[in-house]
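Written out below as structure tokens is the structure these notes cover.
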Amino acid sequence: MRLPTPAAGTEIAGLGHAEASRLMDNHELEGMMDTSDEWIRQRTGIVTRRIADGQTVADLATDAARHALEDSGLPAEAIDLVVVATTTAEERSPNTAGRVSAALGLGADGRGPGIMDVNTACSGFEYALGVADQSIRTGSATHAIVIGAEKLSSVTDWTDRTTAVLTADGAGAAVVRPSGTPRIGPVVWGSKPALADAVRIGPPSGTFSQNGREVLRWALTDAADHARAAVERAGLALADIQVLAAHQANLRIIEPLADALGLADRIVVTDVTESGNTSAASVPLGLSRWWHAGRIPEDVPALLFGFGGGFTYAGMVAMTPRRG
Ligand code: ACO
């Protein structure tokens, strides 16, 4: 037995995203349930969110992947691994990654890429990026697309004001390729069994439910330690981090997390205000929206950190792509 010569490291070569078709503001929700624009802004920071009308999760994921490929300059045929992080796949099988791969026209020659879905809810993108990084570094893949995609509107109870004001749809993607030096740090991932039922999509209702206060408490007490561990594992200091892209759950979590890490004066992605909470899609969607808007510089260390259903969390440092 022998191991293939591993790649020294991997890097994000391009970012892309797909926005769901319909913009929904807080006033529209006022007409559907007992809530107010003021409550939603104050408690969550959300002003608008997007809802997929006539788009599937696989459609959103495919659009995001196409844009990420375009951004990277790599041809789709280079991709030999597709990983989709989602909790809202339409089908149990085939998986969403397989649908995306087919829609991108991969595998027409009978040699399709490896395809897998990762279900760790809101930390899904970071888990998936960790899998892709390790697959390339150990020789199981050469180029990967990692996608976070969700259609939370399909599992939202639109009569429940405690959750319906948060959820949204969208997708974000990253193309990952080998690199001469490490540009994606080791993933730090974990779980907290005591909170396993704090965020659920399942029977009997089949809709999204959560103990928001318990999650909020965890996020304000424990999250910073895990995020800090991801920076240390990459051999960096918090002073090196230029961008914080944390799960876009709530501005009341993102801002205190940035404060706790001493990163409030860096670029803190706050896309939740415009895109709402898109679970596994939220970090790559926010990152890509800000990247393509010119709000994120090239070639700087970004701390990615997700947490949610399971209860799961994961994070790593990744260098932002190099332009051109
Ligand atoms: N409009 C008006 N009033 C509301 C609404 C609403 N939409 N929702 C709840 N309220 C009321 C409650 O009934 C409660 O009233 P009461 O005091 O009379 O009982 C009051 O507002 C306060 O409710 P809380 O639940 O204490 O509000 P809180 O400040 O905790 O905010 C929230 C709720 C936004 C859900 C918050 O707890 C949170 O963001 N938690 C974290 C969620 C999270 O990060 N999940 C991560 C994984 S899940 C995912 O990302 C898909």
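Quick one: would you say Arg50 is at negative phi, within 16 Å of the ligand (Cβ to nearest atom) and among the basic types (Lys, Arg)? Yes. Is it true that Leu244 is open to solvent by less than 70 Å² (accessible area, probe 1.4 Å) and in contact with a Leu (Cβ under 9 Å, 6 or more places away or on another chain)? Against the criterion (open to solvent by less than 70 Å² (accessible area, probe 1.4 Å) and in contact with a Leu (Cβ under 9 Å, 6 or more places away or on another chain)), Leu244 qualifies. Inside region 77-116, can you point out the residues that are hydrophobic (A, V, I, L, M, F, W, C) and open to solvent by less than 20 Å² (accessible area, probe 1.4 Å)? Matches in region 77-116: Ile79, Leu81, Val82, Val83, Val84, Ala85, Ala97, Val100.
For Asn119, the conditions (1) open to solvent by 50 Å² or more (accessible area, probe 1.4 Å); (2) outside the structural domain of Ala61 (by TED's automatic domain parsing) are fulfilled apart from (2). As a summary of the residue check, Ala237 satisfies the conditions (1) of a type outside the set (Val, Ile, Thr); (2) at pLDDT 95 or above; (3) buried (at least 17 other Cβ atoms within 10 Å of the Cβ) except for the one numbered (3).
The helices (runs of 4 or more DSSP H) falling completely within region 201-302 include none with 2 or more residues that are within 13 Å of the ligand (Cβ to nearest atom) and touching a Cys at 6+ places or on another chain (Cβ under 7 Å).
Are any residues in region 31-43 open to solvent by 70 Å² or more (accessible area, probe 1.4 Å) and not in a loop (DSSP other than H, G, I, E, B), and if so, which ones? Glu38, Trp39, Arg41, Gln42, Arg43 - these are the residues of region 31-43 that are open to solvent by 70 Å² or more (accessible area, probe 1.4 Å) and not in a loop (DSSP other than H, G, I, E, B).
Among the criteria (1) in a helix (DSSP H, G or I); (2) away from the ligand (no atom under 15 Å from the Cβ), the one Tyr127 does not fulfil is (2). Please list, ordered by first then second residue, the pairs with beta carbon atoms under 8 Å, 6 or more apart or interchain, first in region 297-308 and at positive phi, second in a strand (DSSP E or B). Pairs that qualify, where the first residue is at positive phi and the partner is in a strand (DSSP E or B), are Asp299/Met319; Gly308/Val199.
I'd like to check something: does region 263-279 contain any residue that is touching a helix residue (DSSP H, G or I) at 6+ places or on another chain (Cβ under 6 Å), crowded, with 19+ Cβ neighbours inside 10 Å and either in the same structural domain as Ala149 (by TED's automatic domain parsing) or of a type in the set (D, E, K, R) (or both)? There is at least one residue in region 263-279 that is touching a helix residue (DSSP H, G or I) at 6+ places or on another chain (Cβ under 6 Å), crowded, with 19+ Cβ neighbours inside 10 Å and either in the same structural domain as Ala149 (by TED's automatic domain parsing) or of a type in the set (D, E, K, R) (or both). Within region 17-30, which residues are within 13 Å of the ligand (Cβ to nearest atom) and open to solvent by less than 30 Å² (accessible area, probe 1.4 Å)? Of everything in region 17-30, those that are within 13 Å of the ligand (Cβ to nearest atom) and open to solvent by less than 30 Å² (accessible area, probe 1.4 Å) turn out to be Asn26, Leu29. Being closer than 27 Å to Ile241 by Cβ, in contact with a strand residue (DSSP E or B) (Cβ under 7 Å, 6 or more places away or on another chain) and either open to solvent by 60 Å² or more (accessible area, probe 1.4 Å) or within 12 Å of the ligand (Cβ to nearest atom) (or both) is a description that does not apply to Pro186.
The values are calculated or read from the model by the stated rules, or taken from the named source; none is laboratory data. Bear in mind that the values here come from a model prediction, so they are computed numbers and not experimental data. Don't worry about glycine lacking a Cβ; one is built from the backbone with ideal geometry, like all the others, and counts go over all protein chains shown. Ligands, DNA and RNA are excluded from the accessible area calculation, which covers all protein heavy atoms including side chains. Shrake-Rupley method; radii C 1.70, N 1.55, O 1.52, S 1.80 Å.
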